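Student: Here it is, the structure in full.
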Amino acid sequence: MNEAGTDPTRESARPRDGRNVDPRLGELLGEGSAQRVRALDGPAAGRDRPAERAWDEPPADALAAPEGPSYYGQPVLKEPVWRWEIPAYFFVGGLAGASAVLGAAASLAGGEGTATLVRRCRLVAAGGAAASAVLLVRDLGRPARFLNMLRVFRPTSPMNMGTWVLTGFGALSGAAALPALVAGPRALERSAGVAAAGSAVLGLPLVGYTGVLLANTAVPVWQATRNTLPVLFAFSGAVSAGALFDLWRTPGPGGEMAHRFGLVAKGAELALSRALHREAAAVPRVERALRRGRGGFLLRTARGLLLASAVVDLLPERTWRRRHAASGALALLGTLALRFGVVAAGRASARDPHATFEPQRAGRGAAELARKEGARPRMPSPPGIDPTGKETAEHGAAP
């Protein structure tokens, strides 16, 4: 203690940047750097908490709360520590993958009118792949962490498979865009066509694998919407690609093809956004994260922007010559808000202990999967014990 009655060691360890670390002693990098300390010191006994309450005695409101019992009202799960880079990657990766698919479809359709669209799709796919890698590395903290995920090949891991898909997609989309950036021989253009077809094949899983990645976690709202979320992300990526080429309008048949591509996906996304709520509503407490707080606001905003974009699409072109650009801008903002809204809803769901407990009490999760798979054969009982645990006669025979 110093003359002022304070502990200098404690004062020097006070965080200067909102995290529980002194920047003079060290610096946090990677996903952990997103965590913030809400309160360094808990409430002292005798002020906000009765001194006679023992730690081994749960509060009465936690045992008999109207919402049901929970573990001291504390979250069961740690909320995701993802920063803004991850939902932005979900958006950019979906846009890049869908652009590669659209470019391959336009190339198969052929014709002089689609050449400009094909070239632009390849450029967007390559740029989106590069931006996705930058966003992931920025979130991880250093490139070595991204490269370390390529040391194994694990088909059962959506994260590992997504890393491989993004790596292959980036290489192929870069090769496909090369003739649009530098002049080269005829053979370069032919090899670019083969690379573009490969990037379209990898673009399909790239568009939707992020939804699979979220659904493969224990976060209640993501796990509860595991059937709808990947398909919703896939169509949302297609909407963002069509919207971008509405803004970056291609003259002729190519522009109309891109517009129709986005228009069909737009209707599917609006339907799937409602299906997302219906699937989560099997346990109302889980679905609440999609309606309240920041996540609910962003998801409502996403639907509103998408509906406004669809209304603008219905306007006759003679009344508003810039309607395609306006529709594209609204749809792009809507698909971006969707990604941030889903991540925010997941954070809120992880903080809610009742959203974790109630699906288990409703017989969902692992119990639901067991019912779908059917009863599994039991292990043979040891001699002298039947499956109910009662002793039997000689070597397990019935008495």
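The values are calculated or read from the model by the stated rules, or taken from the named source; none is laboratory data. Every value quoted in this text rests on a predicted model; they were computed, and no experiment measured them. Heads up, the Cβs are rebuilt from the backbone with ideal geometry, glycines too, and the neighbour counts pull from every protein chain shown. Accessible surface areas use protein heavy atoms only, side chains included; no ligands, DNA or RNA. Shrake-Rupley method; radii C 1.70, N 1.55, O 1.52, S 1.80 Å.
Student: Those residues that are in contact with a helix residue (DSSP H, G or I) (Cβ under 7 Å, 6 or more places away or on another chain) and either open to solvent by 20 Å² or more (accessible area, probe 1.4 Å) or of a type in the set (Lys, Arg) (or both), I need them from region 199-223; list them, please.
Tutor: Those that are in contact with a helix residue (DSSP H, G or I) (Cβ under 7 Å, 6 or more places away or on another chain) and either open to solvent by 20 Å² or more (accessible area, probe 1.4 Å) or of a type in the set (Lys, Arg) (or both): Leu202, Leu204, Pro205, Tyr209, Val212, Leu213, Asn216, Thr217, Gln223.
Student: Could you list, in sequence order, all residues of region 263-283 that are free of Cβ contacts under 8 Å to residues at least 12 places away in the same chain and part of a loop (DSSP other than H, G, I, E, B)?
Tutor: Within region 263-283, Ala281 is the sole residue that qualifies.
Student: Across region 186-223, what is the number of residues that are closer than 14 Å to Val343 by Cα, assigned to a helix (DSSP H, G or I) and among the aliphatic types (A, V, I, L, M)?
Tutor: Residues flagged as closer than 14 Å to Val343 by Cα, assigned to a helix (DSSP H, G or I) and among the aliphatic types (A, V, I, L, M) within region 186-223 amount to 5.
Student: Just checking, how many residues over region 333-379 are modelled with pLDDT under 70 and buried (at least 23 other Cβ atoms within 10 Å of the Cβ)?
Tutor: Looking only at that region, the number is 0.
Student: Do you know which residues across region 139-156 are open to solvent by 30 Å² or more (accessible area, probe 1.4 Å) and either of a type in the set (Val, Ile, Thr) or without any contact (Cβ under 8 Å) to a residue 24 or more places away in the chain (or both)?
Tutor: Result: Pro143, Ala144, Leu147, Asn148, Met149, Leu150, Arg151, Val152, Phe153, Arg154, Pro155, Thr156.
Student: Can I ask one more? Any idea which residue in region 106-159 is nearest to Gly254 (Cα to Cα), counting only those that are within 18 Å of the chain's Cα centre (by Cα) and of a type in the set (S, T, N, Q)?
Tutor: Ser132
Student: If you don't mind, there's one more thing I want to ask. Given the conditions (1) polar (S, T, N, Q); (2) more than 19 Å from the chain's Cα centre (by Cα); (3) under 23 Å from Trp84 (Cβ atoms), and given that Ser240 satisfies all but one, which numbered condition is not satisfied?
Tutor: (2)
Student: Does region 232-243 contain any residue that is of a type in the set (Val, Ile, Thr), within 29 Å of Gly170 (Cβ to Cβ) and in a loop (DSSP other than H, G, I, E, B)?
Tutor: Scanning region 232-243 turns up no residue that is of a type in the set (Val, Ile, Thr), within 29 Å of Gly170 (Cβ to Cβ) and in a loop (DSSP other than H, G, I, E, B).
Residue-by-condition table, conditions (1) over 23 Å from the mean Cα position of the chain (by Cα); (2) not basic (Lys, Arg):
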residue	(1), (2)
Thr167	no, yes
Gly170	no, yes
Gly211	no, yes
Leu214	no, yes
Pro220	no, yes
Leu247	yes, yes
Gly252	yes, yes
Arg260	yes, no
Ala268	no, yes
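Student: With respect to Thr250, determine if the residue is modelled with pLDDT under 95, within 28 Å of Pro179 (Cβ to Cβ), surrounded by 16 or more Cβ atoms within 10 Å (Cβ to Cβ) and of a type in the set (Val, Ile, Thr).
Tutor: For Thr250, the condition - modelled with pLDDT under 95, within 28 Å of Pro179 (Cβ to Cβ), surrounded by 16 or more Cβ atoms within 10 Å (Cβ to Cβ) and of a type in the set (Val, Ile, Thr) - is met.
Student: Out of Leu232, Leu244, Leu263, which single residue is farther than 16 Å from Gly328 by Cβ and of a type in the set (A, V, I, L, M)?
Tutor: On inspection, the qualifying residue turns out to be Leu232.
Student: Ala105: open to solvent by 30 Å² or more (accessible area, probe 1.4 Å), in contact (Cβ under 8 Å) with a residue 60 or more places away in the chain and out of contact with any Gly (no Cβ under 7 Å at 6 or more places or on another chain), yes or no?
Tutor: Yes, satisfied.
Student: Something else about it: Exactly one condition in (1) without any contact (Cβ under 8 Å) to a residue 40 or more places away in the chain; (2) closer than 26 Å to Leu136 by Cα; (3) in contact with a Leu (Cβ under 6 Å, 6 or more places away or on another chain) is not met by Pro179; state its number.
Tutor: In the conditions (1) without any contact (Cβ under 8 Å) to a residue 40 or more places away in the chain; (2) closer than 26 Å to Leu136 by Cα; (3) in contact with a Leu (Cβ under 6 Å, 6 or more places away or on another chain), Pro179 misses (2) alone.
Student: Do the conditions hold for Val212, that is, is it of a type outside the set (Phe, Trp, Tyr) and in contact (Cβ under 8 Å) with a residue 60 or more places away in the chain?
Tutor: It is false that Val212 is of a type outside the set (Phe, Trp, Tyr) and in contact (Cβ under 8 Å) with a residue 60 or more places away in the chain.
Student: Still on this structure, please answer the following. Filter region 307-332 down to the residues that are open to solvent by less than 60 Å² (accessible area, probe 1.4 Å) and more than 15 Å from Leu95 (Cβ to Cβ) and list them by number.
Tutor: Matches in region 307-332: Ala308, Ser309, Ala310, Val312, Asp313, Pro316, Arg323, His324, Ala325, Ala326, Ser327, Leu330.
Student: Name the pairs whose Cβ atoms lie under 9 Å apart, with the first residue in region 161-176 and closer than 18 Å to Glu189 by Cβ and touching a residue at least 40 places away in the same chain (Cβ under 8 Å), the second open to solvent by less than 30 Å² (accessible area, probe 1.4 Å) and of a type in the set (S, T, N, Q), and 6 or more positions between them or separate chains?
Tutor: Pairs that qualify, where the first residue is closer than 18 Å to Glu189 by Cβ and touching a residue at least 40 places away in the same chain (Cβ under 8 Å) and the partner is open to solvent by less than 30 Å² (accessible area, probe 1.4 Å) and of a type in the set (S, T, N, Q), are Ser173/Ser99; Ser173/Ser199; Gly174/Ser199; Ala176/Ser199.
Student: Another question about this same structure. Hey, can you tell me all the residues within region 291-301 that are open to solvent by 10 Å² or more (accessible area, probe 1.4 Å), under 20 Å from Glu269 (Cβ atoms) and assigned to a helix (DSSP H, G or I)?
Tutor: Result: Phe297, Leu298, Arg300, Thr301.
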